[in-house]
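Read through the structure below, which is laid out as structure tokens, and then see the notes.
Just so you know, all these numbers are worked out from the coordinates, no wet-lab data involved. Computed from a predicted model, the values in this text were never measured in an experiment. Reconstructed Cβ throughout: ideal geometry from the backbone, glycine too, with neighbour counts over all protein chains shown.
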Amino acid sequence: TVESDLLSEIENVESPFGTIRCTMTGIPRDNRPVILTYHDIGLNHKSCFDSFFHHEDMREIMCHFAVCQLSAPGQHEGASTFPAGFKYPSMDQLSETLPIVLKHFNIKSVIGMAVGAGANILTRFTLKYPDLVEGLILININAQAEGWADRAAYKSWTDFMVPWQEEIKKKAEFIGTFRNNITNRINQTNLLHFMKSYYRRSNLKIERTSPGGITPMKTLKCHTLLVVGDNSPAVDAVVECNSRMDPTKTTLLKMADCGGLPQFDQPGKLAEALKYFIQGLGYMSSAGMTRLSRDCTSFTTSVASFWPRSYTIRTEESTSKNVLTQPHPSPHMPRAISPFSCSVLLHFKF
């Protein structure tokens with residue numbers, strides 16, 4: 001039944017690079033992938049994604065897919081402090097723990113969804129194990145290595161918050177909850193280890209296919225949705241990453257009226273985007289419209305081609321909602337695309 005499918009189980013999976021805390025919600029099915037999540041710095045699987053996956057607009061997706069949420073070593077609530085001399089795994093080493101998790105749960109393939117540092121880890125995993133990943137949703141991805149000057153400046157998680165000061169001023173209560181979670185629910189020593197590992201990361205070195213059609217050695221072969229809020233400090237990094245990606249398989253979603261954490265700021269809009277992305281992979285073709293879509297009553301739109309190529313949206317000044325239609329069918333998407341409530345939804349093509 002649906003109710004039993006939505007039960008969650010927590011397991012610790014041992015790896016050569018530490019223990020991975022895993023929360024499996026639902027029952028994996030042989031005929032479809034599992035949604036695999038990975039959190040950002042200062043969060044864990046619970047604080048990063050729990051409220052999003054419990055949002056009412058995620059209900060339909062949760063009934064169709066099992067979700068496996070991961071916490072990096074030492075980042076889950078109640079984690080013990082690493083012993084003195086412990087060497088925290090690198091981003092590449094953390095990505096090597098994912099095949100171990102998939103084998104533990106007998107998962108054949110995944111749709112990855114991750115934020116920030118987690119997005120970097122999932123991308124490394126996908127580059128090395130492309131056959132295990134059917135699609136990626138990457139929020140606030142940064143494909144570049146951190147500069148030495150920037151790296152030296154981060155001595156605690158409070159330094160990590162500096163780029164987010166404008167958002168902190170606008171959303172004091174929300175950020176206060178975020179700060180409280182970091183301070184009181186995550187082991188501070190372990191958090192610093194994770195943070196330093198991220199800021200020691202290497203460049204992903206993803207390359208776009210050359211004009212001559214030669215496929216580069218390092219490129220994501222799966223369909224990928226890059227997500228960033230229009231007020232996020234990560235906008236430039238995400239756009240730069242998009243410039244390296246295969247434009248036939250990558251879409252950049254820039255969410256209006258949204259800061260650095262879209263899954264908290266605009267969960268309904270993100271849930272709708274996730275649904276269409278999943279439909280583009282060939283699943284949930286008969287899924288109903290979300291609450292946001294049903295609220296959409298007036299629109300005007302111009303779409304060149306929706307998925308996975310570039311597209312445009314034209315909205316009249318008096319219109320606050322958009323409907324996307326597809327006059328030229330794509331093999332990856334349904335013939336009609338349900339309405340988005342996003343007032344800005346762009347795919348930048350360089």
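Here are the numbers for the structure shown:
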quantity: Set Lys218/Lys275; Lys128/Lys205; Lys46/Lys87; Lys249/Lys269 screened for pairs whose C-alpha atoms are more than 18 Å apart; calculated: Lys218/Lys275; Lys46/Lys87; Lys249/Lys269
quantity: Residues Cys63, Cys48, Cys68, sorted so that the one with the fewest Cβ neighbours within 10 Å comes first; calculated: Cys63, Cys68, Cys48
quantity: Those chymotrypsin sites (Phe, Trp or Tyr not before Pro) in region 23-114 that DSSP places in a loop and that have at most 14 other beta carbons within 10 Å; calculated: Phe86
quantity: 3J(HN,Hα) from dihedral phi, region 246-263, Karplus parametrisation 6.51/-1.76/1.60, rounded to Hz, x for glycine, proline; calculated: 5, x, 7, 10, 10, 10, 9, 9, 9, 8, 6, 6, 9, x, x, 10, x, 5
quantity: Qualifying trypsin sites (Lys or Arg not before Pro) for region 219-289 [loop in DSSP, other Cβ within 10 Å: at most 13]; calculated: Lys221
quantity: Amide hydrogen neighbours beyond the local backbone of Ser15, cut-off 5 Å, H modeled; calculated: Ile20
